[in-house]
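K.L.:
First the structure, then my questions, so here it is.
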Amino acid sequence: MFDRAIAIATALTVVACSAPLTASTPATDKIIRIDTAAGPIQSRLPCNRGDRSAGCDRVIYQVMVESFVDGDPAFNYGTGYGTSHHRGDLAGITASLDWIASTGATTLWLTPIFDSDAGAPQDRLTGDDPVDLRLDATGYFARDYFNIDPKFGTASDLKTLVREAEARGLEIMFDGVFGHHKGAVAPSPSGVLPKDLETARDYSGGAKNYPGRLVDWSSTESLAFYQEFIRYWADEFGVVSWRLDQVYQTSNSAWIELIRQMQDSAAEIGKPHFHVGENWTGADGLADLFGSNDAPALTALFDFPTRYALVQALAVEESGAGKKPATILTEDWALHARERYPDHAVPVGFLGNHDLVRFGDLLQRGGLGGPETAAYWDRHRLAFAYLAAYSGPIAFYYGEELGVETPNFTGRVEDGCAEQGLCDDHAARTSGVIPGVTHDPSQLPEDANRLFEDLQKLLQLRRQYPSLSMGAREHLYADEAIYADLKSLDGEKILFVMNITGTPKTLEISTDLIGDLTDDMMTLWGPSPELTSSGDLSLEIDGLASAIIRL
């Protein structure tokens, strides 16, 4: 659908409307009455207790460098996984900064840009050392950690990107791979080298199949090498925040030292540090990586459990499981897993990334409609509204703001998926759609235009009302259709409700639960509530709709 010309959607100012405080008399057989909360108030974790130093209000925008935007024909791979042009570079990201900033993002996450020694063989522990240029293009198996991949650009290009991003209020976040590399790593400027694991059984899937080497984290040399790596990019380019790849490959004791180095390097140049780790695991695995109150390790981790619950409620996950009731979000393995995390834990909400199937394709995989249907766009809005009210930082993958899908891809492709660029773990690596840069800005599909504008509004609300991103969370109610939370911070109270079915619903919420309602109540997003004759809040909410109300 995005082969057509695209237009930049105009940023709109949110206008909060006073809710009419009039009596309502909805049909009693349709009323969902909420008199008591379904769960306790969560106020222990940093992003439920207003800890502004924890980065709870961050909005991360991810780009995959090689697949994103071709800004300079002198730099490109020309091959890679996925269906993109594979000509992405640093100049293309710089050219796209106005668009990225206009979404409401505060942090720009780049997949690894360090030198992969493109076209040179991998150095495996055993077996053959093949050339894999597509793997090189990902950046995830670097050979020289202290130089930029010459197929992405130059040091000057990176300095320009950092400078221009910061001028637009965007912080650059690097993608750091601390557990593995391409092998035959180049020494650091001071001559240090990391130590490799030399035992074949340490390599998942067998050393002869692993595309490089694993780092031996029992070695002091490994720690010294990666500490120097962190210092170098902070000192030379001012980059102090990191997305941490496959964090389970690095020990918690090593993470404690590495994060201390990140924090120290950030403090030395007067910038705030932030990190977020990646591990596709359940809540218990995340809890282990967070460490404990007595021995904290990682601070922030991507909230994979809640991501899977969200897509199962609004669509289907990659396996096809989904179309679940809204109650799935409240299960112990999803949102309620936070009760198992230590006091410093900062889960990060998200919908997709470069390894996952795009949300638009998951909707189609579940038979829930394509871009030609209203439901396709409404379900995107529901996901965005949920993330806007998420307690903690949130992340978006490029193209989500426009509801981008992967053309000709819905069901799982089994045979020859890599050759077609349609394997589930890389089909989302499509060419960037950046109005005014990659596409003519005159013909943005109207549905995509409206979706982008709505994301802007939701993220503006998130900035304007801190209780959304870092307020105490009281779960009020969930059933097959309805999910409702009350967020509060410093006297500010926000009601969030979503209806994930196609059937309108009416809620009636007791003032004994949400407090007395006043003339200051405002509808920030969605339908306006009314007052019942007894003074309770009544809200009629359409199917596939959400509401955000300041009480």
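The values are calculated or read from the model by the stated rules, or taken from the named source; none is laboratory data. If you're wondering where the values come from, they're calculated on a predicted model, not measured in any experiment. A quick note on method: Cβ atoms are made from the backbone with ideal geometry, for glycine too, and the neighbour counts reach across all protein chains shown. Accessible surface areas use protein heavy atoms only, side chains included; no ligands, DNA or RNA. Shrake-Rupley method; radii C 1.70, N 1.55, O 1.52, S 1.80 Å.
K.L.:
Hey, can you tell me all the residues within the range 165-202 that are within 30 Å of Thr107 (Cβ to Cβ), hydrophobic (A, V, I, L, M, F, W, C) and not in a strand (DSSP E or B)?
P.N.:
Within the range 165-202, Ala165, Ala167, Leu170, Val177, Phe178, Val185, Ala186, Val192 qualify.
K.L.:
Can I ask one more? Across the range 262-283, which residue is farthest from Asp175 (Cα to Cα) among those that are of a type in the set (S, T, N, Q) and surrounded by fewer than 19 Cβ atoms within 10 Å (Cβ to Cβ)?
P.N.:
Among residues in the range 262-283 that are of a type in the set (S, T, N, Q) and surrounded by fewer than 19 Cβ atoms within 10 Å (Cβ to Cβ), the one farthest from Asp175 (Cα to Cα) is Thr281.
K.L.:
Evaluate the range 117-138: report whether one residue or more is of a type outside the set (Lys, Arg) and either in a strand (DSSP E or B) or under 29 Å from Tyr390 (Cβ atoms) (or both).
P.N.:
Among the residues of the range 117-138, at least one is of a type outside the set (Lys, Arg) and either in a strand (DSSP E or B) or under 29 Å from Tyr390 (Cβ atoms) (or both), which makes the answer yes.
K.L.:
Filter the range 43-58 for residues that are surrounded by fewer than 21 Cβ atoms within 10 Å (Cβ to Cβ) and either charged (D, E, K, R) or on the phi < 0 side of the Ramachandran plot (or both) and give the result.
P.N.:
Once the filter is applied, which keeps residues that are surrounded by fewer than 21 Cβ atoms within 10 Å (Cβ to Cβ) and either charged (D, E, K, R) or on the phi < 0 side of the Ramachandran plot (or both), the range 43-58 yields Ser43, Arg44, Arg49, Asp51, Arg52, Ser53, Asp57.
K.L.:
Spot the failing condition for Glu318; the list is (1) open to solvent by 20 Å² or more (accessible area, probe 1.4 Å); (2) over 22 Å from Asp245 (Cβ atoms); (3) among the charged types (D, E, K, R), and only one is missed.
P.N.:
Result: Glu318 passes all but (2).
K.L.:
While we're looking at this one, here's another question. So which residues in the range 399-415 are part of a loop (DSSP other than H, G, I, E, B) and not aliphatic (A, V, I, L, M), if there are any at all?
P.N.:
Correct list: Gly399, Gly403, Glu405, Thr406, Pro407, Asn408, Phe409, Thr410, Gly411, Arg412, Glu414, Asp415.
K.L.:
Still on this structure: Any idea which of Tyr226, Tyr248, Tyr210, Tyr232 is assigned to a loop (DSSP other than H, G, I, E, B) and hydroxyl-bearing (Ser, Thr, Tyr)?
P.N.:
Selected residue: Tyr210, the only one of Tyr226, Tyr248, Tyr210, Tyr232 that is assigned to a loop (DSSP other than H, G, I, E, B) and hydroxyl-bearing (Ser, Thr, Tyr).
K.L.:
So is Tyr390 among the aromatic types (Phe, Trp, Tyr) and either part of a loop (DSSP other than H, G, I, E, B) or free of Cβ contacts under 8 Å to residues at least 40 places away in the same chain (or both) or not?
P.N.:
Yes: the conditions hold for Tyr390.
K.L.:
Next question, about the same structure. Just to verify a result, which residue in the range 292-311, among those that are open to solvent by 20 Å² or more (accessible area, probe 1.4 Å) and in contact (Cβ under 8 Å) with a residue 12 or more places away in the chain, is nearest to Leu362 (Cα to Cα)?
P.N.:
That would be Tyr308.
K.L.:
Only one of (1) crowded, with 24+ Cβ neighbours inside 10 Å; (2) part of a loop (DSSP other than H, G, I, E, B); (3) touching a Lys or Arg at 6+ places or on another chain (Cβ under 7 Å) is not met by Leu363, so which one is it?
P.N.:
The number of the failed condition is (2).
K.L.:
When only residues in the range 439-458 that are at pLDDT 95 or above and open to solvent by 40 Å² or more (accessible area, probe 1.4 Å) count, which is nearest to Ala385 (Cα to Cα)?
P.N.:
Lys457
K.L.:
Could you count how many residues in the range 524-539 are touching a residue at least 40 places away in the same chain (Cβ under 8 Å), assigned to a loop (DSSP other than H, G, I, E, B) and either under 11 Å from Thr511 (Cα atoms) or open to solvent by less than 40 Å² (accessible area, probe 1.4 Å) (or both)?
P.N.:
Adding up the residues that qualify gives 2.
K.L.:
Starting from the range 215-234, take each residue that is more than 20 Å from Asp123 (Cα to Cα) and list its partners that are open to solvent by 40 Å² or more (accessible area, probe 1.4 Å) and part of a helix (DSSP H, G or I), counting only C-beta distances under 6 angstrom and pairs at least six apart or across chains.
P.N.:
Final answer for the pair search is Leu223/Glu257.
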